[in-house]
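To start, the structure itself, in structure tokens.
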Amino acid sequence: MKNLRCLIVDDKPLAIDVLADYVGKVPFLELVATTTNPIEGLKIVREQNIDLVFLDIQMPELTGIQFVKIARKQCKIILTTAYTEYALDGFEHDAVDYLLKPIAFDRFYRAAEKALQLTATNDIGKNPVESTEPVTEKPIEFLFIKTEHRIQKVDLKDIIFIEGLQNYIVLHTANERILSLQSLKKIEEQLPAKEFIRVHKSFIVSLRHIVSIERSRISIAGQIIPIGDTYRDEFYKLVDKGQ
């Protein structure tokens, strides 16, 4: 049975030290990283194949419950907090366990064992030899976008087009413009290719919102978006498929 690759996320360094010491004592746990920043924690989960996160609930910028909602099925999560009132919220979002601070080692070990057993059960269910049905993931319906003051949930169906402005992007919806500090390439990687397409170095458009196409211009929600030479062939291939 493989070790569980672990991440500790807590805004208090002392709490991280305690949990890191506990992880080091459990033979089937492997500590990959620690961070006091939950936003950085999400990046680590996405990029480093994390199996299990020991996650504080009360943190600035992003709470543990919000973290769980964003991470969804990417990893298993054990919540750690000094506040009992958050237990129900945690379990409603499929947290493996809930550890109340100060955490005793035996209680920590039991929670880790529970995560290991759940992982083993899931791995058995994913046996590719026994399964003859293709595995299809449910299409994503929304994104969480980090703005200057908050993290905002945006439904994909509401995005009309996305504009790149140097280090920023602007998501244009019917009701608002959402500014986010990231690259157009980065958000392009998160969008479903069947619904969104890059048509210019500075623009990604939603196919569902296109009104008309004339020569090298797209009419969309009262705006005219140019089609760049680099992107023209791929754009028309996708359009032709929809006819």
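Tilt of helix 232-241 relative to the longest C-alpha principal axis of the chain, in degrees (0 to 90, nearest 10)?
Tilt of helix 232-241: around 80 degrees.
Antiparallel as a % of all DSSP beta bridges within the chain, to the nearest 5? Show your work: numbers first, answer last.
Values: 30 of 49 bridges.
So the antiparallel bridges amount to about 60 percent of the total.
Based on the mean of other beta carbon atoms within 10 Å per residue, what is the order of 212-224, 155-167, most packed first? Could you put the intermediate results ahead of the total?
Numbers: 212-224: 12.9, 155-167: 15.8.
My ranking of the peptides, most packed first, is 155-167, 212-224.
For the charge dipole of the chain, defined by +1 on Lys and Arg C-beta atoms and -1 on Asp and Glu C-beta atoms about the Cα centroid, which residue among HIS209, GLN152, THR230 has the Cα displaced farthest towards the positive pole?
Most positive-ward Cα: THR230.
Report the net charge of residues surrounding ASP11, where surrounding means a beta-carbon distance below 14 angstrom and charges are Lys +1, Arg +1, Asp -1, Glu -1. Write down the numbers at each step before the final one.
Numbers: positive: LYS12, LYS101; negative: ASP10, ASP17, GLU40, ASP56, GLU61.
Net charge around ASP11: -3.
Averaging the inverse of every distinct alpha carbon separation and then flipping it gives the Kirkwood radius. What is it for the stretch 12-85, in angstrom units?
So the Kirkwood estimate lands at 12.8 Å.
Out of the stretch 1-62, which trypsin sites (Lys or Arg not before Pro) are coil in DSSP terms and have no more than 16 other C-beta atoms within 10 Å?
LYS2
Between GLY164, LEU42, GLN117, whose Cα lies farthest towards the positive end of the dipole of the chain when Lys and Arg beta carbons carry +1 and Asp and Glu beta carbons carry -1, centred on the Cα centre?
Value: GLY164.
For the chain, what does the helix formula give at 222 nm: sum of -39500 (n - 2.57) over DSSP H segments with n ≥ 4, over the residue count, nearest 500 deg cm²/dmol? Could the numbers behind the result be given before it?
Details: 7 runs with 75 residues, N = 243.
Per the formula, -9500 deg cm²/dmol.
Could you list the square roots of 5 times each eigenvalue of the Cα gyration tensor of the chain, that is, the equivalent ellipsoid semi-axes, sorted largest first and rounded to whole Å?
On the way: eigenvalues 342, 92, 41 Å².
In descending order, the three semi-axes are 41, 21, 14 Å.
Given +1 on the Cβ of Lys and Arg, -1 on the Cβ of Asp and Glu, and no further charges, what dipole in debye does the chain carry about its Cα centre, rounded to the nearest 20? Mind showing how you got there, number by number?
Details: 32 positive and 35 negative charges, 111 e Å.
Using only the charged Cβ atoms, the result is roughly 540 debye.
Within the set LYS43/LYS114; LYS186/LYS237; LYS43/LYS69, which residue pairs have Cα atoms separated by over 19 Å?
Beyond 19 Å between Cα atoms: LYS43/LYS114; LYS186/LYS237.
Every number here is computed from the coordinates shown, using simple stated rules; none is lab data. What you see is a predicted model; the values in this text were computed from it and never measured. Neighbour counts run over all protein chains shown; Cβ positions are idealised from the backbone, glycine included.
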